[in-house]
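A short write-up of the structure that comes next.
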Amino acid sequence: MLEKERNETLMNVGANTPMGNLLRRYWMPIGAISEFDNKETKPIRLMGEDLVLYKDKSGTFGLIDRHCPHRRADLSYGYAEECGLRCNYHGWLFNQDGNCIAQPFEDTVDTEHKLRETIKIINYPVEEKGGLVWAYLGPKPVPLVPNYEPFSWQNGFVQIVMTEIPCNWLQCQENSCDPVHFEWMHSNWSSRLSGEANVYAPTHLELDFEEFEWGISYKRVREDTDKNHPLWTIGRHCLWPNALYTGDHFEWRIPIDDENTMSIGWFFNRVPNDCEPYVQDSIPHWYGPLVDEETGRWITSHVMNQDFVAWVGQGIQADRTKENLGRSDRGIAMVRKRFLDDLKRIENGKDPKAIVRDEKLNKCIKFPLIGYERMINGYPRELLEDKENIFMRATRNFVFQAGQPDHVKTAYEEALGIKMDERF
Ligand code: FES
Ligand SMILES: [Fe+2]
């Protein structure tokens, strides 16, 4: 359990809160580049701040205040110009650095632009990486967007999936360091949901958690594995400060505010060798549904939807004064302790964990990954068709989130030369 005050410290992310200050020191993915193929603006609430992300006609992204500093109109209804975003109310124009670069009527009557020069709109740096748009809301000097190795992998089909979850970000992120839930929430619950009674996945026998440069790794031995298995020798990674990496995908938990979180998944599926070379022109994105429209209940059919059920079930903000941690929760205790320690580090003017400032290091951030060889070198088609191969199940179908649109499914099938399984 965690006392009330610490719980609130760790959860709340507004500007000038301790955790808000800490999380603002990291770049956060906030959307997909392909979202702007057919729109110019996207309203975004990020760590309690209402903003608008836009792409101007020159192709430059900007992230600025949602409200115009003239008379507060909603800039997500603004329109992009060659440079900047123009307010749709009286035409004031802002660029990505927050400067007001045109004030049509004022410019006509005051050629010295006295008012214009006093205007600055809230603005934050934006970068593109891995098909994602990233934002940084923290103090200067601005660190580097982490250049994780999978962003440079070739011959893969990537898709970005986003879902807004109505609960606090921390309970989502704690799930990134919780190996035992795989057995119960994914394996065994999926069996029950598909009508299989009395079928139990191999149970967990031993766990280990290890802090490394970019996060905390968790390792496990199950009834069907031993300490030579990659689940123990490599493990999976809770990435700092708010992501999970499992071997073929990232999941970020981006705080919208204290009570809502944007789940952003980035999925990489290597094509089989006979489909090489494969070059993806544009990385598709989609918004995954949360609620089953027929029943009004949460969707439970897919892996991350099952996780979402756990997170929202813990309450809008989990009351950690009422929990009882066991030995399976050592990773969760480590996550909390690291954040609390890092709050002290930033008070003392130091960087928290996993801030990237070294260009050389950031050429490619590598860490050991289960299935690495297959991601780099590919695999023969026979492996893809081997129904007994559990790792290939997630390649033959999109098991992670419900609602994959047909155009993404079709593009995926074309890339891998398969027909996806009918199970979902
Ligand atoms: S409110 Fe935006 S230009 Fe007037
Ligand atoms: Fe999970």
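Find all pairs meeting these conditions: Cβ atoms under 6 angstrom apart; at least six residues apart or on different chains; first residue within the range 407-418 and in contact (Cβ under 8 Å) with a residue 60 or more places away in the chain; second residue in a helix (DSSP H, G or I).
Short answer, once both residue conditions are applied: G417/C275.
Could you grab the pairs with beta carbons closer than 8 Å, sequence gap of 6+ or different chains, first residue in the range 177-189 and under 15 Å from L231 (Cα atoms) and away from ligand 1 (no atom under 16 Å from the Cβ), second one assigned to a loop (DSSP other than H, G, I, E, B) and at pLDDT 95 or above?
Once the first residue is under 15 Å from L231 (Cα atoms) and away from ligand 1 (no atom under 16 Å from the Cβ) and sits in the range 177-189, its partners that are assigned to a loop (DSSP other than H, G, I, E, B) and at pLDDT 95 or above give E183/A201; E183/P202; E183/T203.
Taking the condition of being of a type in the set (A, V, I, L, M), exposed (fewer than 13 other Cβ atoms within 10 Å of the Cβ) and in a loop (DSSP other than H, G, I, E, B), how many residues in the range 166-204 meet it?
The total comes to 2.
Only residues that are within 26 Å of N348 (Cα to Cα) and part of a loop (DSSP other than H, G, I, E, B): list them for the range 1-22, please.
L2, E3, N12, V13, G14, A15, N16, T17
Somewhere in the range 99-122, is a residue modelled with pLDDT of 95 or more, of a type in the set (D, E, K, R), within 21 Å of R253 (Cβ to Cβ) and more than 16 Å from ligand 2 (Cβ to nearest atom)?
No - not one qualifying residue is present in the range 99-122.
Run down R45, R25, R72 and say which single residue is assigned to a loop (DSSP other than H, G, I, E, B), charged (D, E, K, R), surrounded by fewer than 18 Cβ atoms within 10 Å (Cβ to Cβ) and at pLDDT 95 or above. Can you show your working first?
Values: R45 fails: assigned to a loop (DSSP other than H, G, I, E, B); R25 fails: surrounded by fewer than 18 Cβ atoms within 10 Å (Cβ to Cβ).
Testing whether each residue is assigned to a loop (DSSP other than H, G, I, E, B), charged (D, E, K, R), surrounded by fewer than 18 Cβ atoms within 10 Å (Cβ to Cβ) and at pLDDT 95 or above leaves just R72.
How many residues are under 22 Å from the mean Cα position of the chain (by Cα) and free of Cβ contacts under 8 Å to residues at least 60 places away in the same chain when one looks only at the range 45-59?
Within the range 45-59, residues that are under 22 Å from the mean Cα position of the chain (by Cα) and free of Cβ contacts under 8 Å to residues at least 60 places away in the same chain number 4.
Take the residues in the range 286-307 that are touching a residue at least 40 places away in the same chain (Cβ under 8 Å), assigned to a loop (DSSP other than H, G, I, E, B) and surrounded by fewer than 19 Cβ atoms within 10 Å (Cβ to Cβ), then tell me which one is farthest from ligand 2 (Cβ to nearest atom).
For the range 286-307, the residue satisfying everything is P289.
Every residue in the range 1-17 that is over 20 Å from the mean Cα position of the chain (by Cα) and crowded, with 19+ Cβ neighbours inside 10 Å, please.
Answer for the range 1-17, where residues must be over 20 Å from the mean Cα position of the chain (by Cα) and crowded, with 19+ Cβ neighbours inside 10 Å: L2, N7.
Return the residue satisfying two criteria in turn: it lies in the range 60-78 and is touching a helix residue (DSSP H, G or I) at 6+ places or on another chain (Cβ under 9 Å) and over 13 Å from Y124 (Cα atoms), and of such residues it is farthest from ligand 2 (Cβ to nearest atom).
C68
Here is a list: A394, A333. Which entry is free of Cβ contacts under 8 Å to residues at least 60 places away in the same chain and among the aliphatic types (A, V, I, L, M)?
One residue alone meets the criteria, A333.
The values are calculated or read from the model by the stated rules, or taken from the named source; none is laboratory data. Keep in mind the model is a prediction, meaning the values are calculated, not measured. So basically every Cβ, Gly included, is an ideal-geometry build from the backbone, and we count neighbours across all protein chains shown.
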